[in-house]
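A short write-up of the structure that comes next.
The values are calculated or read from the model by the stated rules, or taken from the named source; none is laboratory data. Predicted model, so just to flag it, every value in this text is computed and none were measured. Every residue, glycine as well, gets a Cβ built from its backbone with ideal geometry; the counts of neighbours run over all protein chains shown. Note: accessible area is taken over every heavy atom of the protein model, side chains too, but ligands, DNA and RNA are not part of it. Shrake-Rupley method; radii C 1.70, N 1.55, O 1.52, S 1.80 Å.
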Amino acid sequence: MFRKITGVAMYGLAALWLFPLVWAFWTAFRPRELAISWTLSPDFTLDNVIKVWNAAPFAQYYLNTFLIVTGVLAVQIVTATLAAYAFSKLRFWGRDALFILFLVQLMVPADILIFPNYNVLRDLSLLDTKLGIMMPYFASAFGVFLLRQTFKTIPHELEEAARMEGCSWWQILWRVYVPLARPTYIAFGLVSVSYHWNNFMWPLIVTNSVENRPLTVGLAIFAQSFETGAQWAEVSAATVMVIFPLLLAFLLFQRQFINSFIHSGVK
C-alpha cells in the first residue's frame, strides 16, 4: 500500500514538474491566436520561432553562451582534475584539513561574492567581457569533490604498474585516472554546462553589449521589450530556443549522469 502511495506521489510530482515544459512547447509552436488555448487541433507552426530569431540577435547570444560555457568547463576540468588527484592520491601535511576548507565553498552562495568579484573585474578592466563572466567560476569545489571520490575508488596498483612502465605523473593522470573517470566527467560536464547556461544574475551585472551578452540575459531583455511584452507565443518560442540544447544533452547523457553519482558515492 505504501509503495502504491509513493508511486502515485512520485508521478504526481513528475507531472507538476513537466507541466510548465509542456505548456512552453505547446505555446511556442501554436499560432498566436491559439497560443493560450488548449483546444486540440492540428494547427502548429514555426512562424513564432522564425519571428523570434529575426527579432533579436539570438545567433550572437548562442555564440556568446557557447564560448562562455565551454571556456568555463575546459578550465574547470583541468583545475578540478589536478586538485582531485592531489587530494585523493598525494600525501602532504594538512591535506584533509585543506580539503574540508576547500569544500566550504559549497556552502557560500555565489550571489554573496558578486560585489567583490565586480570590484576585482573593474580593477582588471574586464567588465563587459566574456573572460570577466568566466573568471569567478574557473575553480569548482563540487567538481573537485566529485572527481576525488572517483579517483579514490581507482586501485593504487594501476598507478604503480604505470610507473613501472616509465610513465610520469602527468601520463598516469591522463592515461589511467581520466579514462576511468569518464562517467564522472560527463556528469560534472552536464552540471557545469546547465548551471552556466542558465546563469543570469552575474552576466546581467557585468555585461552591457550584445557582443558579450549570453542567452539568459538576451531572453530577459527580449521578454520585457515593448514588442513582445504580452505576446506569449513569441516569449514561449524564445524560451524553448534557450532550453532545448540542455534538454537534448540531458536526454543523450542521462544514463551516464545517474551512474556517475552512484559510483562516486553521492546519494
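As a fraction of the 1.4 Å probe accessible area of the chain, surface on carbon and sulfur atoms comes out at 70 percent. Mind jotting down the distance between the C-alpha centroids of the range 43-57 and the range 108-180, whole Å? One Cα centre to the other: 40 Å.
Here's the thing: no aspartates and glutamates lie within a cross-link span of K4, going by alpha-carbon distance under 13 Å and ignoring same-chain residues fewer than 8 apart.
Using the alpha carbons alone, the radius of gyration of the chain stands to its Kirkwood radius in an Rg to Rh ratio of 1.05. Can you compute log10 of I(q)/I(0) for the range 61-181 with the Debye formula, treating each Cα as one identical point scatterer, at q = 0.09, 0.14, 0.16 Å⁻¹? Relative scattering, expressed as log10 I(q)/I(0), comes to -0.34, -0.74, -0.88. Is the shape of the range 1-149 best called rounded, prolate or oblate, per the rule: a/c under 1.5 gives rounded, else a/b larger than b/c gives prolate, else oblate, with a ≥ b ≥ c the square roots of the Cα gyration tensor eigenvalues? The shape class here is oblate.
What range in the chain is the longest one free of GluC sites (Glu not before Pro) that are in a loop by DSSP and have at most 15 other Cβ atoms within 10 angstrom? Let's see the in-between values first.
Numbers: sites that count: E165, E211, E227.
Formally, the longest exposed-site-free interval is 1-164.
In the Gaussian network model of the chain, springs joining C-alpha atoms below 10 Å, which of F58, F25, F44 carries the largest mean-square fluctuation? The residue that fluctuates most here is F44.
Sorted largest first by accessible area at a 1.4 angstrom probe radius, with every protein chain in place, the residues V104, V144 fall in the order V104, V144. Loop-resident chymotrypsin sites (Phe, Trp or Tyr not before Pro) (DSSP state other than H, G, I, E or B) in the range 169-254 with no more than 10 further Cβ atoms inside 10 Å of their Cβ: F226. For the range 127-252, the convex hull spanned by the alpha carbon atoms encloses 132 Å³ per residue.
Here the Gaussian network model covers the chain, with springs between Cα atoms less than 10 Å apart; of Q171, Q149, Q60, Q171 fluctuates the most.
With a 1.4 Å probe and every protein chain left in place, work out the accessible area per residue of the chain in Å², rounded to a whole number. Write out the running numbers ahead of the final one.
Working: 16010 Å² over 267 residues.
With the other protein chains kept in place, the chain gives 60 Å² per residue.
Look at where the Cα atoms of the range 2-24 and of the range 182-217 average out, and the two centres are 28 Å apart.
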